[in-house]
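Below: one structure, written as structure tokens.
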Amino acid sequence: MTQQQLALAVNGRERHLSERLVAYAPVPAPAGSPEVREGSVVVLGLGYVGLPTACALAGRRSQVLGVDVSPVRLREIADGDVDLPQPERERLRGELADGSLRLTGDPAVLDEADAVVVCVPTPVDGDREPDLSALRAACETVVAHARPGQTIILTSTTFVGTTRELLVEPLRQRGLEVGREVHVAFSPERIDPGNLDHVQRETPRIVGGVSPECSARAGRVIGDLTDSVYLVNSPEAAELTKLYENIFRAVNLALANEMADVCGAFGLDPIEVTIAAGTKPYGFLGSFPGPGVGGHCIPCDPHYLLWQLRERGPAAPMIEQAMRSIERRPEQVVRRVEEVLAAGGRPLRGARVLLAGVSYKAGVRDLRESPALPIIAGLVERGVEVAYHDPLIDEVQLSDGERLTSAPQPRGVDWDLVVVHTVHPGFDYAWAADCARVLDATYQFDLAPHRQVV
């Protein structure tokens, strides 16, 4: 078991509070020779969480099967056309070749699985209401195929009580006694796409079982993914833990963007100020500002709690304000585009604007909730001729159905303004400096000395 240092702003008392953590401590295998445990595992859902989970389990279990309802996704994985870092792509290729990981679209394989790990998306709809369709369908499938002896682990971020509502109660209605015949737990995913500094093996996981035996059995499965597994007393505690993690991040990012505006008012660099504040070894955890907040977690997950609190309370005004601030950020970028153009005597309507990068995060081929989408839509609505260049994103579909394709070899001189939105590592962006006006929404684009920031 790896000793976990808590990230708490409690003035040095973290080490004492860490004693409250209940740890499940699997015996780690010797380096370079992972222990292969008996028992098959099915990973249901092979998206940004499910695929890395299946890859990490392969070779550590006697059989690992990845199940996905999308034939397109299964084909992409088989072809290696997936958004994984190169080392993980190579590992995936080897696991598929030697059969330690098998792919299928047939849910019947759940019948014989010793453990099932559910990793399906939990987005929000256009009204910021939870979209539970994929989650409900996955849980219904798991319940229909459940058998005595199975361990079922839900990892998808969701509302408090999901595990009991969608798994425990339906299993009992089927006549299966949870905690004796089948074992159910919630273990929230902690995957940071595109970040090689946060690998699964070194990232602690939380497990909350319906009973102590459920937690122990789920801990054995999750222990094949990480050396640090901590147990909480219920699935509900684990569910709220995940929401709290992402809500904290949302509030912190909203504050970071607000502090960037404050720094601008004083003519200061928000990156410098944030790094300086980060030298304090306690009581501070900074984030960097940007064009907005995207991805599958931060813009979505807090709404699961807000949705639930509308019925049962209490009010959460700070969370609500943070989410409103996050949603308004792309519009602020659009206004800054207008201001920068106007300062140079160029009206917004008819201007030619290019976005450098549109994915929500550097190094990741993912458009979900990307701030670039409302930024593009806002500019188009104001009569701007908009294009983009992103070496990882070939095509963007706007909400009105219009499609844009990435400009293959842009030249800065061809545009009235370049908005630096996402800078992917390993690619050349020096061309942007040739544009007369550069609006840096990352606050860290140093290739254009004449840049302005949001």
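Only the coordinates and a few stated rules stand behind these numbers; no lab work does. Predicted model, so just to flag it, every value in this text is computed and none were measured. Quick reminder, even Gly has a Cβ in these numbers, built from the backbone with ideal geometry, and neighbours come from all protein chains shown.
What to note about this one:
- Table column - 3J(HN,Hα) (Hz), segment 113-121, Karplus curve with 6.51, -1.76, 1.60, x for Gly and Pro: 5, 7, 9, 10, 10, 9, 9, 10, x
- Between Val229 and Tyr24, Arg205, the built amide H atoms are under 5 Å apart, and every one of these is 5 or more places off in sequence or on another chain.
- Over segment 185-255, Cα pairs under 8 Å with separation of 6+ residues give a relative contact order of 33 percent.
- Across segment 301-453, C-alpha contacts under 8 Å between residues 6 or more apart give a mean separation that, scaled by the residue count, equals a relative contact order of 20 percent.
- Relative contact order of the chain, pairs being alpha-carbon contacts under 8 Å that are 6 or more residues apart, as %: 11 percent
- Global form of segment 99-232, assessed from the alpha-carbon gyration tensor, a/c cut-off 1.5: rounded
- Residues with amide H under 5 Å from that of Asp390, placed H, sequence gap 5 or more: Gly357, Ala407
- Residues Trp431, Trp307, Trp415, ranked from the fewest to the most other C-beta atoms within 10 Å, line up as Trp307, Trp431, Trp415.
- One Cα centroid belongs to segment 103-153, the other to segment 251-321; the line between them spans 32 Å.
- For Arg37, the residues 5 or more places off, or on other chains, whose built amide H falls under 5 Å of its own are Arg61, Ser62.
- Cα shape, segment 326-454, gyration tensor, a/c 1.5 rule: rounded
- The chain shape via C-alpha gyration tensor axes, a/c threshold 1.5: prolate
- Extension gain, Glu177-Leu255: 0.36 nm per intervening residue step, less the Cα-Cα distance, totals 23.4 nm.
- MRE, 222 nm, helices only [DSSP H, n ≥ 4, -39500 (n - 2.57), over the chain, to nearest 500]: -10500 deg cm²/dmol
- Net length available on complete extension from Ala433 to Asp106 is 112.6 nm, with 0.36 nm assigned per residue and the Cα-Cα distance removed.
- Packing-based exposure ordering (other Cβ within 10 Å, fewest first) of His450, His183, His421: His450, His183, His421
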